[in-house]
Amino acid sequence: IYEDYILYYLATAHMKNGSPAQAIPIFERLLKKHRRSRWGVLARKQLAQALEKAEVWKSAIGLFRRLRRRPRKYGGRIQILYRLARAWLKRKKYKRAAHIFREITLDYPFRKLARKAQRHLVLLAEQKKIKKRPLRAWERLGQLHRIARKQPAKALKGLRRLQRSPDGKKSDIFQAHLTISEAQFLLRNKQFTLAIKKLRRVSRRAPRLQIR
């Protein structure tokens, strides 16, 4: 029986017992001695949860900032970004939290967490924690998808205006979402050759952008 295995399950037992503060030093010891082992990799995500539950926000922020460099191992980029933004909120760093919430709404416009991020932005603006800067790019894209069901040509015109707008140029991932949407509208409009061309272009960029 290996030490990393024992440490991991000892720490997770403390977590299940409702004692995240006791789990934290055990996870940290595991990561210090066995960071490259299977249990060390799993411990990073568990440590993040323990820090959140124990409300050790400064350390949680540091860990989430490291995890976002390799997001696929630790639950996906959107999950890490959302939890990082919430940690900034807990530390009352409202501008930093808002910046990440905006990144989520642009990069993942159709995900449930994007809607939660948008609600956080609205609430922060209402409480005057941040300047009122409503981010409506993803909402407009959703409207265009509804228009495209019956009027794909009209939706294409609206999409191209959105692509030229400042919001359409803020994020590489959001630009990729716009290109995918454009291809979908082209298919509805029976412009198959152009749709294939758009999809080929975005497929070459998808691994680098981690589109989900």
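Ligands, DNA and RNA left out, the accessible area of the chain computed with a 1.4 Å probe is 49% carbon and sulfur. How would you classify the range 97-212 from its alpha-carbon gyration tensor, with a ≥ b ≥ c the square roots of the eigenvalues: rounded for a/c under 1.5, else prolate if a/b is greater than b/c, otherwise oblate? Here the range 97-212 falls in the prolate category. For the range 142-189, the Cα gyration tensor yields ellipsoid semi-axes of 18, 10, 8 Å (square root of five times each eigenvalue, largest first, whole Å). Evaluated with a Cβ-only charge set (Lys, Arg +1; Asp, Glu -1), the range 25-83 carries a dipole of roughly 440 debye about its Cα centre, given to the nearest 20. Take every pair of alpha-carbon atoms less than 8 Å apart whose residues are at least six positions apart; their mean separation over the length of the range 1-85 yields a relative contact order of 23 percent.
Charge dipole (Cα centre; +1 on Lys/Arg Cβ, -1 on Asp/Glu Cβ; no other charges) of the range 102-212 amounts to roughly 160 debye.
With contacts defined as alpha carbon pairs under 8 Å and 6 or more residues apart, what's the relative contact order of the chain in percent?
Details: 227 pairs, mean separation 22.5, N = 212.
Normalised by residue count, the contact order of the chain is 11 percent.
Ordering Gln46, His14, His34 by the projection of their Cα atoms onto the charge dipole of the range 1-61, which places +1 on the Cβ of Lys and Arg and -1 on the Cβ of Asp and Glu, puts His34 at the extreme positive end. One entry in [x] 11.5; [y] 13.1; [z] 14.2 is mean projected area of the Cα convex hull in nm² calculated from the shown coordinates; its label is [z]. Among Ala23, Gln184, Ser165, which residue has its Cα positioned farthest towards the positive end of the charge dipole of the chain, with +1 placed on the Cβ of Lys and Arg, -1 on the Cβ of Asp and Glu, and the dipole taken about the Cα centre? Toward the positive end, the furthest listed residue is Ser165.
Highest mobility in the GNM of the chain, judged by mean-square fluctuation with C-alpha springs under 10 Å and restricted to Phe192, Phe110, Phe101, is found for Phe192.
Suppose only helical runs count, i.e. DSSP H with n ≥ 4. What mean residue ellipticity at 222 nm does that imply for the chain under -39500 (n - 2.57) per run, divided by all residues and rounded to the nearest 500 deg cm²/dmol? Counting only the DSSP helices, I get -24500 deg cm²/dmol.
Relative to the longest principal axis of the Cα atoms of the chain, the long axis of helix 152-164 lies at roughly 60 degrees.
Heavy atoms of the protein chains alone define the surface here; on that basis the chain has 61 Å² accessible area per residue at 1.4 Å probe size. Phi-derived couplings, Karplus 6.51 cos²θ - 1.76 cosθ + 1.60 at θ = phi - 60°, listed residue by residue for the range 52-63: 5, 5, 7, 6, 9, 5, 4, 5, 4, 4, x, 5 Hz, with x used for Gly and Pro.
Rounded to the nearest 20, the Cβ-based charge dipole of the chain about its Cα centre (Lys and Arg +1, Asp and Glu -1) stands at 940 debye. For the chain, the longest principal axis of the alpha carbon atoms and the long axis of helix 172-188 meet at an angle near 40°. Its Cα gyration tensor gives the range 49-153 an equivalent ellipsoid. The semi-axes, each the square root of 5 times an eigenvalue, are 28, 18, 9 Å from largest down.
When the chain is treated as a Gaussian network with alpha carbon springs shorter than 10 Å, the biggest mean-square fluctuation among Arg29, Arg86, Arg77 belongs to Arg29.
The values are calculated or read from the model by the stated rules, or taken from the named source; none is laboratory data. Values in this document were obtained by computation on a predicted structure and should not be read as measured data. Positions of Cβ are generated from backbone atoms using ideal geometry, with glycine treated the same way; all protein chains shown enter the neighbour counts. The protein model used for the area step is the full one, side chains on, heavy atoms only, and it has no ligands, DNA or RNA in it. Shrake-Rupley method; radii C 1.70, N 1.55, O 1.52, S 1.80 Å.
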